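Peer 1: Can you read through this structure? Questions will come right after.
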Protein chains: 2
Amino acid sequence: MLSYTEENYLKAIFHLSGDGEKEVFTNNISEMLETKPASVTDMLKKLAQKDLVHYKKYQGVTLTKIGRSNALKVIRKHRLWEVFLVEKLKFNWDEVHEIAEQLEHIQSNLLIERLDEFLGHPAYDPHGDPIPTVDGKIKVKKMVLLCDVREGFSGEVACLKETSSSFLKYLDKIGIKIGTNIRVNHIMEFDASMDVNIGNSKVTSNISNEVSKNIFVTL
Amino acid sequence: MLSYTEENYLKAIFHLSGDGEKEVFTNNISEMLETKPASVTDMLKKLAQKDLVHYKKYQGVTLTKIGRSNALKVIRKHRLWEVFLVEKLKFNWDEVHEIAEQLEHIQSNLLIERLDEFLGHPAYDPHGDPIPTVDGKIKVKKMVLLCDVREGFSGEVACLKETSSSFLKYLDKIGIKIGTNIRVNHIMEFDASMDVNIGNSKVTSNISNEVSKNIFVTL
DNA sequence: GAATAATTTTAGGTTTGTCTAAATTTTTAT
DNA sequence: ATAAAAATTTAGACAAACCTAAAATTATTC
């Protein structure tokens, strides 16, 4: 049985490693979890001892099989609870993160499977992130960042890279949600901002590169 | 902001005091929370310092206004989550306690008010216990223990004193749930067991005094 | 290839909530 | 009323997860 804190470390390592691809370093984790590097070192030793991470002094960490499977379990719970909050309790997509951060640590396999069923086995959370299956598989969609879409092409919003409340509120305001179609009409050479059509709207909106770098679309 | 542990102590004191009526003693708390009396003393000092309990060495504790209100908030959350688990996720009434013990500590007023709304503002949890309102009021039903019902009279099951899994499973088996009508036909002088009719059944069942002492009915 | 900078680890300390063992207070029983 | 029993508190320790400050390692730069 992992502690609340151990689960958070595993989750952070998973995310920072790009879903388990690369190595992760002490300072990255310390920044993400808002703790000091010294504390991270302490915890990495502990996780290594429990066989949850591969860790060599000064050389960064990666998750073991067991560590990865535990991280995915927590992420599954987090995303299912987010769906519940938005679909059933009518929360806005920018309000659910903090609550799901707590709910993801509730221990009960039966609970999470019943919740999954109750929600109709959703594949994606409200921000478009895939929900891992019970056995730790993730459906990866073929997506590109909106900023990489060429002029004249269009795509469907699939997932967000950034999910801060302020970003989500901005997207709400300009009418972008998961599934919205976006057509790229023109890209400014100067600042890489884009003139786009959002949804069925005939009106052209301009979105900054900072924004288009944080939206994934399927073509 | 109270810790998980502090909330559990307040809740335990509330329950042990008979909803805030009597004083509670160190050993009672220690037994309920499965900790040693010395640990309880430590915590009582801390709670007293935070003005959550009235505490005098060797003389027992009672909750302050603030302590009581916090205890009721936790109990409200616990019981609302129990309703959710039974009504929405199809849990059996004997399976929900442990999960609700965890869920009751999730911090978010908005969450609990949305949940309350989602569930249709229930007044009682699956075991018949009243759900405190946001402002800490509890609806007290006029109830008597089934063992105090006289021969020839009948009552409706309103609430259970004991809510252990084994007791709830036994009640399931003999067909007793909240709302079931029970008619007392005969009381054995020897062991105070009762011959009763459960629901609309014409068959007479015999239930022990141990059982009838743990069922509250309204007449 | 040194010297400096950045990163990471070690050493030692804090807080929260727990424990054991010993001391104190209260209650009960003779 | 006093001795024995029961309940409670104090004293001192421990584990988890964090901290600061100093030391060690790795990376970068001239």
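Peer 1: Return the total of residues in region A:182-210 being outside any loop (DSSP other than H, G, I, E, B) and closer than 17 Å to A:ASP148 by Cβ.
Peer 2: Counting residues in region A:182-210 that are outside any loop (DSSP other than H, G, I, E, B) and closer than 17 Å to A:ASP148 by Cβ gives 12.
Peer 1: Hey, among the residues in region A:1-27 that are under 18 Å from the mean Cα position of the chain (by Cα) and β-branched (Val, Ile, Thr), which one's farthest from DNA strand C (Cβ to nearest atom)?
Peer 2: Our first condition is that a residue be under 18 Å from the mean Cα position of the chain (by Cα); within region A:1-27, this holds for A:7-22, A:24.
Filter once more, so that each one left must be β-branched (Val, Ile, Thr): A:13, A:24.
Working: A:ILE13: 13, A:VAL24: 9 Å.
The extreme case among them is A:ILE13.
Peer 1: Any chance region A:103-115 includes a residue that's out of contact with any Cys (no Cβ under 9 Å at 6 or more places or on another chain) and either basic (Lys, Arg) or more than 29 Å from A:LYS50 (Cα to Cα) (or both)? Spell out the reasoning first.
Peer 2: Step one: of region A:103-115, the residues out of contact with any Cys (no Cβ under 9 Å at 6 or more places or on another chain) are A:103-115.
Then keep just the ones that are either basic (Lys, Arg) or more than 29 Å from A:LYS50 (Cα to Cα) (or both); that gives A:114-115.
Yes; the residues of region A:103-115 include at least one that is out of contact with any Cys (no Cβ under 9 Å at 6 or more places or on another chain) and either basic (Lys, Arg) or more than 29 Å from A:LYS50 (Cα to Cα) (or both).
Peer 1: Ok, one more. A:THR26 - would you say it is of a type in the set (Val, Ile, Thr), touching a strand residue (DSSP E or B) at 6+ places or on another chain (Cβ under 9 Å) and within 26 Å of A:HIS127 (Cβ to Cβ)?
Peer 2: Answer is no for this residue.
Peer 1: Which one of the conditions (1) within 16 Å of DNA strand C (Cβ to nearest atom); (2) of a type outside the set (A, V, I, L, M); (3) surrounded by 14 or more Cβ atoms within 10 Å (Cβ to Cβ); (4) under 27 Å from B:LEU110 (Cβ atoms) does B:SER30 fail to meet, given that it meets all the rest?
Peer 2: (4)
Peer 1: Out of B:LEU89, B:LEU119, B:LEU103, I need the residue that is free of Cβ contacts under 8 Å to residues at least 40 places away in the same chain and touching a Lys or Arg at 6+ places or on another chain (Cβ under 6 Å). Which one?
Peer 2: On inspection, the qualifying residue turns out to be B:LEU89.
Peer 1: Still on this structure: Taking only region A:15-32 into account, find how many residues are within 11 Å of DNA strand D (Cβ to nearest atom) and closer than 14 Å to A:ALA71 by Cβ.
Peer 2: So the answer is 1.
Peer 1: Quick check on A:ALA38: is it away from DNA strand D (no atom under 16 Å from the Cβ), of a type in the set (Gly, Ala, Ser) and either over 30 Å from A:LYS177 (Cβ atoms) or modelled with pLDDT of 95 or more (or both)?
Peer 2: no
Peer 1: Next question, about the same structure. Scan (1) closer than 25 Å to B:LEU110 by Cα; (2) within 16 Å of DNA strand D (Cβ to nearest atom) for the single condition A:SER108 breaks and write down its number.
Peer 2: Status for A:SER108: all satisfied but (2).
Peer 1: Tell me which residues, restricted to region B:1-27, are under 26 Å from B:VAL140 (Cα atoms) and assigned to a loop (DSSP other than H, G, I, E, B).
Peer 2: Of everything in region B:1-27, those that are under 26 Å from B:VAL140 (Cα atoms) and assigned to a loop (DSSP other than H, G, I, E, B) turn out to be B:SER17, B:GLY18, B:ASP19, B:GLY20, B:GLU21, B:LYS22, B:GLU23, B:PHE25.
Peer 1: To continue, here is another question. Would you tally the residues in region B:104-124 being within 7 Å of another protein chain (Cβ to nearest Cβ), farther than 19 Å from B:ASN70 by Cα and outside any helix (DSSP H, G or I)?
Peer 2: 0
Peer 1: What tally of residues in region A:44-103 results from selecting those that are in a helix (DSSP H, G or I), basic (Lys, Arg) and either within 14 Å of chain B (Cβ to nearest Cβ) or surrounded by 15 or more Cβ atoms within 10 Å (Cβ to Cβ) (or both)?
Peer 2: 7
Peer 1: Which numbered condition trips up B:THR41, out of (1) within 15 Å of DNA strand C (Cβ to nearest atom); (2) of a type in the set (Ser, Thr, Tyr); (3) closer than 23 Å to B:ALA158 by Cα?
Peer 2: So the condition that B:THR41 fails would be (3).
Peer 1: Pairs under 7 Å by beta carbon, first residue of a type in the set (A, V, I, L, M, F, W, C) in region B:48-71, partner assigned to a loop (DSSP other than H, G, I, E, B) and more than 16 Å from DNA strand D (Cβ to nearest atom), six or more apart or different chains?
Peer 2: B:LEU52/B:THR64; B:VAL53/B:THR64; B:LEU63/B:GLY20; B:ILE66/B:ASP51
The values are calculated or read from the model by the stated rules, or taken from the named source; none is laboratory data. Since the structure is predicted, the reported quantities are computational estimates derived from the model, not experimental observations. When we count neighbours, we look across all protein chains shown, and the Cβ atoms used for this are built from the backbone with ideal geometry, even at glycine.
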